[in-house]
Structures are given as C-alpha cells and as structure tokens.
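Colleague: Sharing a structure, written as structure tokens. Questions coming.
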Amino acid sequence: MDELQNILSQLDPRRMPRHVAMIMDGNGRWAKKRGQNRSDGHYEGITSVHNVTELSSDLGIGYLTLYAFSTENWNRPTEEVETLMYLIGWAIERELPELLRNNVRIHLIGDIERIPEGPRKKLFDCRDATAHCTGLQLNMCLSYSSRWEITEAARRIAELARRGELDPEEIDEDKFASMLPTAGIPDPDLLIRTGGEERISNYLLWQIAYSELYFTPVLWPDFGKVEYARALVDFQQRERRFGKTSEQIATD
Ligand code: FPP
C-alpha cells in the first residue's frame, strides 16, 4: 500500500469534514529556498491547488475554500500582483475541463470587480460553466478579507434599516450571516494553514468561530495529498464540543 492509501485507510468516511478552508502560505519561501523567483513558487502552488481539489472531491467533501488573494495582497509589488492575477486566470482556464469532469462547482468570494478584466472574465466564465455541477463546491476567495465582508454586511444592514425594510430587532446571527458572501455555505469544520505561521490573517473571521485549526510548517507548494490526508486524520482525532462538555457530546 502506498503512503497516501495508508493514511486514507485511517479515515472514517462518516466523520469527514463537510467544509475545509485553507490559507495557502509559503510560495515565496519555497521559491527563495531554490534560488527562484517568488512567481515560480506561485506557479508551483497551482499544482497543490489541483491536488487538494481532487482529493476533496474524491473524499466527498462538500466545500473547499481557498484564500487565493487577500485585500492586503494588493499592496505587494506591482509585478508580483500582475503575475498572480495572470496565473490565477491561466490556471482556472486550464483546469476547467478537469473541474467539469469531477463535477466541481466554482464559487467566487471577494471584491471581484477589483480583479483586472482579463483574469476576471476567465473566472466568471469558469464559474458560469460549472454552475450546474453538484459535487464539491470550490470557493475561491479573491481580493477578499473578512473585515471587508463584515463591513460590507454592516453597510447593507444599515441601508435596509434606513429604508425601513429591516427592523433592527430582526437582526440575529442567522440574519447577519445571510448578509455575508458565504451565505448558505456551512461554516468550515477545519481550517488548514500551511507555511509555518500560526495566525488567521483576516480570513473567515465570522465563519471559523468553532472550526478546528491545523497549522503545518509545510510550504504550500509541498502540500500535496499526503499532507492533506494527514490533516484530515488529525481532524478526526479531535473532539468538537461547541461549548458543551465531553459528557454532553457523548450522549448527543
Ligand atoms: C502565499 O504565499 C500565497 C499567495 C498570496 C497566493 C496563493 C496563490 C496560488 C497558490 C496560485 C494560484 C491559485 C489559484 C486558486 C489558482 P506567499 O507569497 O505569502 O509566501 P511567503 O509567505 O513564503 O512569502
């Protein structure tokens, strides 16, 4: 049995996470270690995106959410931003046939209007072409930050209240969540961050209230199916209590 099959055999299919979110960090360091450009790291990172998407789909995971480009990433050197935008457009176009074969639906989250027209069109084309797919939903967070989405939601709520279309008394957690771009998507069960840093970096702050966090020093381009499967095994060993006691969970 190869290493991947061995790790996968430890997984309980009944306890698979419904939703996995990932912070793909470490592309730049991966390239630097090899004396290459940061862009080479991003290019290599696309292979990891392909691999985690494929494994998520094979394992029947419902939602995979990837932090592909943050609001703060716009502040990187222009050349790196341009390369990343080009790569994202190129990758999504190249992957489309495989996404369709695997019944994967693309969903875009973020301030997509800020993405340059060329890659933006490729993203919209891919989203539209996969709209009928019923397997894994791949959420791509682009020009996204959680404070951005929370601020936008607050603005929408205030606007509705100002127009008399929403009574402030009606605002509860469900109402607020329905104003976020993740409305209708279950909260992540597991958040994985590669690259050794142990922080959240303005990602899904509302949605990860009860997510299990998994940090690995492995750099994103080295994060393949084996590493992902290890994270899933680790997840299944955790006890999720959602604020209750162990005893309550055992009798639930
Ligand atoms: C973080 O590494 C990674 C990014 C800012 C971009 C992630 C993008 C990809 C993997 C490319 C394509 C994505 C899709 C969805 C097709 P970093 O540059 O911060 O690395 P460092 O911390 O080592 O500098």
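The values are calculated or read from the model by the stated rules, or taken from the named source; none is laboratory data. Note that the structure is a prediction, hence the values are computed from the model and not measured. Reconstructed Cβ throughout: ideal geometry from the backbone, glycine too, with neighbour counts over all protein chains shown.
Colleague: Just to be sure before I move on: is Glu113 over 18 Å from the mean Cα position of the chain (by Cα), closer than 24 Å to Leu205 by Cβ and in a helix (DSSP H, G or I) in the structure I sent?
Modeller: yes
Colleague: Would you mind stating whether Arg38 is more than 9 Å from the ligand (Cβ to nearest atom), in contact with an Asp or Glu (Cβ under 8 Å, 6 or more places away or on another chain) and farther than 23 Å from Ala183 by Cβ?
Modeller: Spelling it out, it is not the case that Arg38 is more than 9 Å from the ligand (Cβ to nearest atom), in contact with an Asp or Glu (Cβ under 8 Å, 6 or more places away or on another chain) and farther than 23 Å from Ala183 by Cβ.
Colleague: Restricting to segment 150-168, give me the number of residues that are under 24 Å from Asp187 (Cα atoms) and acidic (Asp, Glu).
Modeller: Number of matching residues: 1.
Colleague: Please list, ordered by first then second residue, the pairs with beta carbon atoms under 6 Å, 6 or more apart or interchain, first in segment 61-73 and assigned to a strand (DSSP E or B), second of a type in the set (Val, Ile, Thr) and more than 6 Å from the ligand (Cβ to nearest atom).
Modeller: Tyr63/Ile185; Leu64/Val20; Tyr67/Ile23
Colleague: Kindly indicate the residue of segment 56-74 that is of a type outside the set (Gly, Ala, Ser) and buried (at least 20 other Cβ atoms within 10 Å of the Cβ) and also farthest from the ligand (Cβ to nearest atom) among those meeting that condition.
Modeller: Ranking the candidates gives Ile61 first.
Colleague: When only residues in segment 1-13 that are assigned to a loop (DSSP other than H, G, I, E, B) and charged (D, E, K, R) count, which is farthest from Leu204 (Cα to Cα)?
Modeller: That would be Asp2.
Colleague: Taking segment 153-174 as the region of interest, how many residues are exposed (fewer than 10 other Cβ atoms within 10 Å of the Cβ) and either over 27 Å from the mean Cα position of the chain (by Cα) or touching a residue at least 24 places away in the same chain (Cβ under 8 Å) (or both)?
Modeller: Going through segment 153-174 one residue at a time, the tally reaches 7.
Colleague: Does Asn51 fit the bill of being more than 29 Å from Met16 (Cβ to Cβ), part of a helix (DSSP H, G or I) and not charged (D, E, K, R)?
Modeller: no
Colleague: So, one more: Find all pairs meeting these conditions: Cβ atoms under 9 angstrom apart; at least six residues apart or on different chains; first residue within segment 175-197 and farther than 20 Å from Ile61 by Cβ and within 16 Å of the ligand (Cβ to nearest atom); second residue among the aliphatic types (A, V, I, L, M) and modelled with pLDDT of 95 or more.
Modeller: Correct list of pairs: Gly195/Ile23; Gly195/Met24; Gly195/Val218; Gly195/Leu219; Gly196/Val218; Gly196/Leu219; Glu197/Ile23.
Colleague: Now, a different point. Looking at segment 14-34, I want the residues that are closer than 25 Å to Leu205 by Cβ and have a partner that is of a type in the set (Ser, Thr, Tyr) and assigned to a helix (DSSP H, G or I) with Cβ atoms under 8 Å, at least 6 apart or on another chain. Which pairs are those?
Modeller: Short answer, once both residue conditions are applied: Val20/Ser56; Met24/Ser48.
Colleague: Name the strands (runs of 3 or more DSSP E) wholly inside segment 134-224 in which the number of residues that are among the aromatic types (Phe, Trp, Tyr) is 2 or more.
Modeller: In segment 134-224, the matching strands (runs of 3 or more DSSP E) lie at 212-215.
Colleague: Restricting to segment 75-113, and then to whatever is closer than 15 Å to Tyr144 by Cβ and surrounded by fewer than 13 Cβ atoms within 10 Å (Cβ to Cβ), can you tell me which residue is nearest to the ligand (Cβ to nearest atom)?
Modeller: Among those residues, the one meeting the criterion is Asn75.
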